[in-house]
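Novice: The structure is given below, and queries will be raised subsequently.
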Amino acid sequence: MLWLVLCWILWIFPFVSRTRKQRGKESVVMAPAAKRGIWIQSIAYFLAWCRIVQSNPRPLLIASMIVAPLSTLLVWQAIGHLGKQWRIQAGLFADHELVRTGPYRFVRHPIYASMLGMLVASGLVMTHWAVLIVAVAIFIVGTEIRVRAEDGLLESRFGETFRDYRAAVPAYIPFVR
């Protein structure tokens with residue numbers, strides 16, 4: 001359990017450090033609908049963190065010990081490549097660029113992929129598998145709202161370039177279109 005807490009701390013760190021750097025930078029365009037997605041994702045995390053089992057089977061714990069560090073590495077890579085484009089709320093800055101390097105070559109929203117990974121890793125340790133399945137389903141609903149909002153913003157700014165990128169690269173689960 002301690003390793004999961006450590007992964008969460010390491011997972012959150014780039015967000016905290018990047019948020020401090022972004023203070024005062026105004027967005028030109030925002031997607032308010034994405035806020036609903038954040039709330040729905042929060043419900044999924046709440047369910048995954050409900051400690052209703054004392055211990056899950058060893059294979060599930062091992063899977064969690066693999067998924068959590070990989071998800072942490074993914075978020076560090078994603079935020080590093082996103083650079084100044086990163087923000088919590090869906091929006092575009094005046095100097096926004098379309099990032100297609102690093103993990104963005106494989107999924108358009110690697111931060112959401114890492115969030116899904118951390119949700120699964122936590123649920124494998126904390127809750128019953130049936131609750132985790134419900135949590136993942138709820139998370140996907142919230143994430144789809146956010147993806148559609150962000151993709152709409154990116155398409156409005158980058159047009160055909162973004163449409164080609166969207167057609168070639170899955171949203172947040174590799175190999176799933």
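Novice: Scan the range 58-94 residue by residue and report those that are of a type in the set (D, E, K, R), farther than 20 Å from A130 by Cβ and assigned to a helix (DSSP H, G or I).
Specialist: Residue satisfying the conditions is K84 alone.
Novice: Those residues that are under 17 Å from Q41 (Cβ atoms) and touching a helix residue (DSSP H, G or I) at 6+ places or on another chain (Cβ under 6 Å), I need them from the range 152-177; list them, please.
Specialist: A171, Y172
Novice: Go over the candidates R87, R100 one by one and state the one that is modelled with pLDDT of 90 or more, within 25 Å of E144 (Cα to Cα) and charged (D, E, K, R).
Specialist: Numbers: R87 fails: modelled with pLDDT of 90 or more.
Sole residue among the options that is modelled with pLDDT of 90 or more, within 25 Å of E144 (Cα to Cα) and charged (D, E, K, R): R100.
Novice: Being modelled with pLDDT under 80, in a loop (DSSP other than H, G, I, E, B) and in contact with a Gly (Cβ under 9 Å, 6 or more places away or on another chain) narrows it down to one of S55, S27, so name that one.
Specialist: Exactly one of S55, S27 is modelled with pLDDT under 80, in a loop (DSSP other than H, G, I, E, B) and in contact with a Gly (Cβ under 9 Å, 6 or more places away or on another chain), namely S27.
Novice: If I filter the range 4-24 down to residues being modelled with pLDDT under 85 and not hydroxyl-bearing (S, T, Y), which single residue comes out as surrounded by the most Cβ atoms within 10 Å (Cβ to Cβ)?
Specialist: Of the range 4-24, the ones modelled with pLDDT under 85 are 15-24.
Applying the additional criterion that residues be not hydroxyl-bearing (S, T, Y) yields 15-16, 18, 20-24.
Numbers: F15: 13, V16: 9, R18: 17, R20: 7, K21: 11, Q22: 14, R23: 6, G24: 5.
Only one residue fits best here, namely R18.
The values are calculated or read from the model by the stated rules, or taken from the named source; none is laboratory data. The structure presented is a predicted model; accordingly, all values stated were derived computationally and were not measured. Glycine also receives a Cβ, built like all others from the backbone with ideal geometry; neighbour counts cover every protein chain displayed.
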